[in-house]
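Written out below as structure tokens is the structure these notes cover.
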Amino acid sequence: MSSSPNTRSSRRYSSATDLNYTSTLDPDPYYTHTGTPSITLRCSSYFTHKLLQRTAAKELGLSRVELLKAYPAEGLEDRRQHTLVVQLYGKLWEIGSVEAFQDVFVDCLECHYHAYMYTDAKILHQDLSENNLMFERTDDGEVKGILTDWDITSGVEDKNEILPSTATRTYRTGAIPFMAVDLLFVNRPPPPHLFRHDLESFLYILVWAAFYYDFDRKERRLVKPALERWNNEDLEICADSKAVFLFHSERKNSLFARLPLERQHLLPWMRSVWLLFWKASISRGQNFETPAAGWDSKTLGGFLTFENFMEALGRKPRHQRSSAA
């Protein structure tokens, strides 16, 4: 069954052996599309069974069917929407405190790394956004991070080589405010999506949360001028804004100075992780034309690894075997 550009499917990792799939057809404000009407799909166990039997889009009466009749298009992929109804998880801004947000952020970061390094699947997420980092609250009040939306992952070979997925080979994937700079330049084909690109997305989610989340009121504020260029449909504008933020300490300081006093709890994390990326950018510049022997482009000289990111947060990995590239 064909799915519209704003269809978001997800796969939740709760452990190496427990994979639960969720799906929604809710519109996503960070994905530019042609205005195709969207629907929210709620289904009973019987309807889920019918979907898993590959019920056609035409039988469901989805608007995309009529749209394609009116405006035929070449080269569209036929996709099938498999939907299961599972527990409703909380959004990051609904978590109630900065401390709980930090715990959930680290949970999702570790989950992402373990899916990449340790599970039998060995996959790279490639579509991180504020809507994909979620949480659940246990009966005793403890919060646990849930990383969702695994529908465009790429496989990872034994030597940490990323296998291009159908989506990343053909399209630029991700939510614009959280996409890595390398993936935003439009004057060349999309480069391979690397582990460090997802780490960069985690940085942007962190900064975004500091500016727009009111944890006490459990609200997400509207996008204001501080980061509006990160959410621009013109990818070149978005790329330039993020590049300046990453590479120039003056612009970083100017941005961080605009953070209201009551929402500066995440500032130490922001500064520490930014410094890590700044060091990586310096290493990249020094090795751009003639890389030094052994210089690793996947981690920009060994800087952008899971271990270094965790160290920048002041957290110790709970389970660790080796560095990610």
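Throughout, read-outs are computed from the coordinates displayed, never taken from laboratory work. Here the structure is a predicted model, which means the values were calculated and not measured. No Cβ is skipped: glycine too gets one built from the backbone with ideal geometry, and neighbour counts run over all protein chains shown.
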message: Using amide H atoms built in the peptide plane, which far-off residues or other-chain residues are under 5 Å from residue 154 H to H?
response: 124
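What is the fewest-to-most order of 130, 136, 99 by other Cβ atoms lying within 10 Å of their Cβ? Let's see the in-between values first.
Details: 130 22, 136 16, 99 12.
By the 10 Å Cβ count, ascending: 99, 136, 130.
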field: Sorted by Cβ neighbour density within 10 Å, fewest at the top, the residues 212, 118
entry: 118, 212
- line: So the number of lysine pairs in the range 90-313 with alpha-carbon atoms under 29 angstrom apart, 8 or more residues apart or on different chains, is 24
query: Per-residue HN-Hα couplings for the range 233-243, Karplus 6.51 cos²θ - 1.76 cosθ + 1.60 at θ = phi - 60°, whole Hz, x for Gly and Pro?
result: 5, 7, 5, 5, 5, 4, 4, 5, 5, 5, 4
- prompt: What FRET efficiency, computed as 1/(1 + (r/R0)^6) with R0 = 41 Å and r the Cβ-Cβ distance, is obtained for residue 292 and residue 272, rounded to the nearest 0.05?
  reply: 0.95
- prompt: How large is ³J(HN,Hα) for each residue in the range 179-186, as worked out from phi by the Karplus curve 6.51 cos²θ - 1.76 cosθ + 1.60 (θ = phi - 60°), to whole Hz, x for Gly and Pro?
  reply: 7, 5, 4, 4, 8, 9, 6, 9
- request: Based on other C-beta atoms within 10 Å, arrange 176, 146 from fewest to most.
  value: 176, 146
- request: List the residues whose amide H sits under 5 Å from the amide H of residue 146, counting only those 5 or more places along or on another chain, with H placed 1.01 Å from N in the peptide plane.
  value: 134, 135, 136
query: With all pairs of different alpha carbon atoms counted, what Kirkwood hydrodynamic radius in Å does the range 90-313 show?
result: 18.1 Å
query: Hey, can you rank 288-294, 87-93 by average C-beta count inside 10 Å, highest first?
result: 87-93, 288-294
